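Colleague: Would you mind keeping the following structure in view while I ask a few things?
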Amino acid sequence: MHTPASSHRLAVEDDEGTFTVTARQTHTYRIHVAQGLITGAFSDHLRALAKQLEVSQIVLAIDTAAAEHHLGVIGAAVTRTGLPLGVVPVPAANPGSLPDSLSSLIRPPQQHRPLLLGVGSGAVRTLVRTAAARYLPGVPYALVPTTVQAQIDAGTDSKAGIGHRTPGQRHGAYPHHHPAAVYIDPDLTSALPPRDIRAGLAEAIKLALITNPLLVHILEQAARPLPAGPALAAIVEQAVASKLMLLALESERQFLGLGHRVADPYRAATGYRIPQGEAVAAGIAVAAAHAFLSGKTTLKHRDRILNLLAAYQLPVTIPDAMRQPVWEGIAAGHHTRHGSLPLVIPQRPGQCTLTDDLDRSAFDKALDDLAARP
């Protein structure tokens, strides 16, 4: 995808793996996507960024899971910039540990203006973004995401932070604070368990179905074996471009809800024991089945969508034992203070639409349809 997208909130220009993002016409940052970036040009990028921001040290906030595999190479790259390096380990276990991690990050007195460099999962992004926005005003931050999901999300504002809330704002979100830069190297995901990679790729599948038929084709070709190296780099780059484009276009942003109408109550019903990506995949499958049964797509398109999910060993249905609690969650979330919450359904790869006709009968028929597939 090489077409710039823009709105009054976000402008995006794509130049072969480097995305220049202007947020709210006041803040510009770059997202660099390249295989081998961390062992290659990362030091030069970081040195130039530090000079531009006039920082005199780099504080590395790295989650403990990422540190086990990546601290050596990333620390060496930072050291080559010639700037002092501080390291703050961040517990990788769960977001509930973030407030304590945040305290450890801001407790040491800073004698020099630092650049916060967040390395790890989306939880680290939340931590660093919150620290920079709420507790260290004027301190810039950059990101090195190490999971597939975090790499696709890293340059966007689609996740909320922790902290206080304001009227009409999601809990703790800081919509006006953006990274100074994002460095995405798909090679950093090589240490992840296959299940985590597949769950992250569910986000790429979702974005492909919304707006990017080329990415659908790339994903289909790369499914077996699990994509790595150049194949994964191509997927991540296309997914980042797709997400930025959707966020830049006001009329398209609502389609990012594909799969979530079912996924959120499904994950809650499991006690959050399954990855978000797996729940989203099941939600996409239900939406695809409903699209077919309601005449909004063809059997060919439904099967292509379901086959793509199955190729990545992602769920394509919801267990019978979960039907009632999932439906209760769907029904409870159907109406918001802004009115009826529509269901996003895929009509064909690269095109979605909205509907509000999912009732209990249609939900059960969709699950029956999925269960009847060979």
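Colleague: Over region 172-235, what percent of the accessible surface lies on carbon and sulfur atoms, probe 1.4 Å?
Modeller: 61 percent
Colleague: Once you sort the root eigenvalues of the Cα gyration tensor of region 281-374 as a ≥ b ≥ c, which label holds: rounded (a/c under 1.5), prolate (a/b larger than b/c) or oblate (the other case)?
Modeller: oblate
Colleague: Moving to a separate point now. Determine, for each peptide in 233-239, 206-212, the mean count of other beta carbons within 10 angstrom over its residues, then list the peptides with the highest first.
Modeller: Final packing ranking: 206-212, 233-239.
Colleague: I would also like to ask the following. Determine the per residue accessible area of region 269-374 with all protein chains present and a 1.4 angstrom probe, expressed in square angstrom.
Modeller: On the way: 4920 Å² over 106 residues.
With all protein chains present, region 269-374 gives 46 Å² per residue.
Colleague: Over region 231-317, what lengths in whole Å, largest first, do the semi-axes of the equivalent ellipsoid take, defined as the square roots of 5 times the eigenvalues of the alpha-carbon gyration tensor? Walk me through the intermediate numbers first.
Modeller: Values: eigenvalues 84, 64, 48 Å².
Working from the Cα gyration tensor, I get semi-axes of 20, 18, 16 Å.
Colleague: Would you mind checking the radius of gyration and Dmax of region 31-77 based on alpha-carbon positions, in Å?
Modeller: 11.6, 31
Colleague: Moving on. Using θ = phi - 60° and the Karplus relation 6.51 cos²θ - 1.76 cosθ + 1.60, list the HN-Hα couplings for region 254-268 in order, rounded to whole Hz, with x at every Gly or Pro.
Modeller: So the Karplus estimates, Gly and Pro as x, are 4, 6, 5, x, 3, x, 7, 4, 9, 4, 5, x, 5, 5, 4 Hz.
Colleague: Quick check: pseudo-label points 7 Å beyond the Cα along Cα→Cβ at Q351 and V87, how many nm apart are they?
Modeller: 5.2 nm
Colleague: Next question, about the same structure. What are the ³J(HN,Hα) values, in whole Hz, obtained from phi via the Karplus relation 6.51 cos²θ - 1.76 cosθ + 1.60 with θ = phi - 60°, for each residue of region 356-365 in sequence order, with x given for Gly and Pro?
Modeller: 10, 9, 8, 9, 4, 4, 5, 4, 5, 5
Colleague: Further question on the same structure: Using θ = phi - 60° and the Karplus form 6.51 cos²θ - 1.76 cosθ + 1.60, what ³J(HN,Hα) does each residue of region 235-243 get, whole Hz, x for Gly and Pro?
Modeller: So the J values, rounded to whole Hz, are 5, 5, 4, 5, 5, 4, 4, 5, 5.
Colleague: Okay, next question. Search the structure for amide H atoms under 5 Å from the amide H of T146, placed 1.01 Å from N in the peptide plane, and list their residues when 5 or more places away or on another chain.
Modeller: Sorted by chain and number, the residues that satisfy this are G120, S121.
The values are calculated or read from the model by the stated rules, or taken from the named source; none is laboratory data. Worth saying up front: this structure is predicted, and the values here are computed from it rather than measured. Using ideal geometry, Cβ is built from the backbone for each residue, glycine included, and neighbour counts are taken over all protein chains shown. Please note that ligands, DNA and RNA were not included when accessible areas were found on the heavy atoms of the full protein model with its side chains. Shrake-Rupley method; radii C 1.70, N 1.55, O 1.52, S 1.80 Å.
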